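Note sheet for the following structure.
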Amino acid sequence: MLSTNQHVNTDFLKIIVNGNRIERVLSYKYLVGIIDERLTWKENCKRLSSTTIKYVDVVYKVKALC
């Protein structure tokens, strides 16, 4: 992961470990959180809010049945 506030051309950057090329990704899920290339929580917050909205909707529907 390359962490910087400036735009950096990473097309030339190739990392090889034990003969395996490490692929560049914009975000990575690690344990229960999502880490993005700028080490912000933006992707993690998006995922958490979408999951929360689904469960809140279910709770309202169950409440209407009671």
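The values are calculated or read from the model by the stated rules, or taken from the named source; none is laboratory data. Just so you know, these numbers come straight off a predicted model, no measurement behind them. All Cβ positions, even for glycine, are placed from backbone atoms using ideal geometry, and neighbour counts span all protein chains on display.
When segment 24-39 is examined, which residues are found to be surrounded by 15 or more Cβ atoms within 10 Å (Cβ to Cβ) and closer than 17 Å to residue 51 by Cα?
34, the sole residue that qualifies.
Among the residues of segment 16-66 satisfying the criterion of being in a helix (DSSP H, G or I) and among the aliphatic types (A, V, I, L, M), which is nearest to the chain's Cα centre (by Cα)?
Initial filter on segment 16-66 (in a helix (DSSP H, G or I)): 42-65.
Of the ones still in play, those that are also among the aliphatic types (A, V, I, L, M) are 48, 53, 56, 58-59, 62, 64-65.
Numbers: 48: 10, 53: 18, 56: 22, 58: 25, 59: 26, 62: 31, 64: 34, 65: 36 Å.
The residue in question is 48.
Looking at the structure I just gave you, is residue 53 at pLDDT 80 or above and under 30 Å from residue 12 (Cβ atoms)? It would help to see each step written out before you state the result.
On the way: at pLDDT 80 or above: yes; under 30 Å from residue 12 (Cβ atoms): no.
No.
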